[in-house]
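Written out below as structure tokens is the structure these notes cover.
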Amino acid sequence: MALAELPLFPLGQVLFPGGGLGLRIFEPRYLDLVKRCGRSGEGFGICLILAGREVGEPAIPAAVGTEAAIVDFAMTEDGLLGLTVEGRRRFHVERTRVRDDGLIVADVRWLEEPGVEPLRDEHALLSVLLARIMDKAGVEHEGPGKGSLADAAWVGWRLAEWLPLAPAERQALLQLDDPHARLQQLVERLPDFQPE
């Protein structure tokens with residue numbers, strides 16, 4: 001399978017396919033990246049930081065990340081560029097290099113995603129839980145352009161975003177290819193979120 005070149009934006013959080021994330025951009029390397037992506041319409045990769053920090057020296061990114069597409073931008077109150085990005089395809093980083101300006105560029109292999117797979121009976125409760133969480137947050141989950149509460153992958157991605165998981169746990173869920181295995185891991189974690 002041919003590799004694609006993708007600039008990376010290492011972060012202290014995980015972006016999931018179909019998910020949204022707000023970013024504040026101020027480093028020159030990322031301002032240039034946003035300009036290029038704005039002109040070309042292409043995305044960039046978001047990977048969880050394994051070592052290092054978001055600011056300064058290039059961080060060491062996780063090997064699996066998600067392509068981010070810019071869907072909105074505005075100036076923030078403190079004069080920085082604020083972006084809203086949406087997660088698209090997952091990828092695996094095969095190799096990286098650091099440009100002179102500190103931007104990490106990766107050769108990536110796009111990961112195959114299964115088609116829509118219905119929730120299994122043992123995971124049906126997760127769909128109800130997700131609907132309640134999104135209702136409480138005032139987030140629409142039905143209608144055109146929305147996911148499906150019957151789709152195993154979509155339910156798994158959204159719960160991985162909404163449940164109070166550590167970044168390393170979110171990364172482990174991102175790396176799972178099987179949506180049913182992802183849901184099973186979430187089911188096993190539910191008792192930990194029950195009030196005492």
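The values are calculated or read from the model by the stated rules, or taken from the named source; none is laboratory data. All values reported here derive from a predicted model rather than from experimental measurement. We place every Cβ from the backbone using ideal geometry, glycine too, and count neighbours over all the protein chains shown. The protein model used for the area step is the full one, side chains on, heavy atoms only, and it has no ligands, DNA or RNA in it. Shrake-Rupley method; radii C 1.70, N 1.55, O 1.52, S 1.80 Å.
Full extension of the chain between S148 and R189 yields a length gain of 12.5 nm, computed as 0.36 nm times the residue separation minus the alpha carbon distance.
About its Cα centre, what dipole magnitude does the range 1-159 give when the only charges are +1 on Lys and Arg Cβ and -1 on Asp and Glu Cβ, stated in debye to the nearest 20? Working shown, then result.
Working: 18 positive and 24 negative charges, 34 e Å.
Here the range 1-159 has a charge dipole of around 160 debye.
What do the square roots of 5 times the Cα gyration tensor eigenvalues come to for the range 146-187, in whole Å, largest first, as semi-axes of the equivalent ellipsoid?
Numbers: eigenvalues 51, 27, 14 Å².
Working through the eigenvalues yields semi-axes of 16, 12, 8 Å.
For the chain, set up a Gaussian network in which alpha carbons nearer than 10 Å are linked by springs, and say which option among L125, L186, L50 fluctuates the most. So, out of L125, L186, L50, the one fluctuating most is L125. Each part reduced to its alpha carbon centroid, the range 78-107 and the range 11-52 end up 5 Å apart. Relative to the longest principal axis of the Cα atoms of the chain, the long axis of helix 124-137 makes an angle of roughly 60 degrees. Scaling against 2.2 N^0.38 Å puts the C-alpha radius of gyration of the range 32-104 at 1.16.
Roll a 1.4 angstrom probe over the protein heavy atoms and tell me the percent of accessible area of the range 88-196 that is carbon or sulfur. Before the final figure, lay out the partial values.
Values: 3270 of 6270 Å².
Percent of accessible area from carbon and sulfur atoms in the range 88-196: 52.
Distance between the 7 Å Cα→Cβ label points at E117 and Q13: 2.8 nm. Taking the inverse of the mean 1/r over every pair of distinct Cα atoms in the chain gives a Kirkwood hydrodynamic radius of 17.8 Å. Each residue was assigned an accessible area with a 1.4 Å probe, and for R89 the value is about 110 Å². Ranked by solvent-accessible area (1.4 Å probe, protein heavy atoms only, all chains present), the residues V93, V71 order from largest to smallest as V71, V93. Using the Stokes-Einstein relation with a Kirkwood hydrodynamic radius computed over Cα pairs, the translational diffusion coefficient of the range 97-196 at 25 °C and a viscosity of 0.890 mPa s comes to 161 µm²/s. For the chain, the longest principal axis of the Cα atoms and the long axis of helix 28-40 meet at an angle of about 70 degrees.
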